[in-house]
Amino acid sequence: MRHLVFILLFPVLRLNAQTDSIPYSKDLNFKEGLYLTYADFRNNDPVPKTRIQTNYDKNALDFFKQEISKSEIKYVDASGAEQTVRTSKLWGYCSNNGIYINYGRDFSKIMVIGSICHFTAMIETYVGSYDRYNGAPANMRSYQLQQFVIDARTGKVGSFTLVNMEALLKQDEDLYNEFMKLSRRKRKDMMFVYLRKFNEKHPLYFKN
């Protein structure tokens, strides 16, 4: 699995529902299955259980957790052809109406779904040290729980930082100006509040 951090400095685009039809709400029922791509998630069109070829019990509550523990998953595509996908290449999956994104070391649940999504993931990091035995610098591997956002316009993932939030809020001039009037310290404290405000003003739409 990969760890990519994007600085979200994209041209401002309008969020609209021209090609979508269902605004997100907690009552929206996501179809269960595997997302091969971000588009599958936005289209609410995963590979369903019925097309996954497996020896696991598809009625088990932890079916998807068992399935993604494998290095490869076999499924039948819409044309009836058998396909194989590496688990590390999946975008994510949906189980019990929860959305899980493949990021960092594992699949992490997206806790806030909207035009700006939010999730936390365990990320592998390296800390410099000195190897006394070999008399040379060494890197020590560690893991940290970090926060991330997804720009729904593009599907790009970025760290949940002040710089990225300022860039995302530029899509809404009024919210951006209101946010930027705050002191830098206050902006850091209010990032999550303004993420929520943005999502309320700009609902995320999903296809039928």
(Q) Take the residue pairs K31/K156; K156/K186; K58/K188; K65/K170 and return only those whose Cα atoms are more than 32 Å apart. (A) K58/K188; K65/K170
Q: With a point put 7 Å past each Cα toward its Cβ, work out how far E82 is from S69 in nm, to one decimal.
A: 2.4
Q: Write down the Å³ per residue value for the convex hull defined by the alpha carbon atoms of region 32-115.
A: 95
Q) So, in nm, how far is label E173 from label R196 when the simple model puts each one 7 Å beyond its Cα toward the Cβ? A) 2.8
Q: Write down the Kirkwood hydrodynamic radius of region 72-115, to one decimal in angstroms, obtained as one divided by the mean of 1/r over all alpha carbon pairs.
A: 12.0
Q. So which aspartates and glutamates can K181 reach, going by Cα to Cα under 16 Å and dropping same-chain residues fewer than 8 places off?
A. E166, D172, E173, D189
Q.
Modelling each spin label as a point 7 Å along the Cα-to-Cβ direction, I'd like the D106/T37 distance in nm, to one decimal.
A. 2.9
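Every read-out reported here was derived from the displayed coordinates using simple, explicitly stated rules and does not represent laboratory data. Since the structure is predicted, the reported quantities are computational estimates derived from the model, not experimental observations. Positions of Cβ are generated from backbone atoms using ideal geometry, with glycine treated the same way; all protein chains shown enter the neighbour counts.
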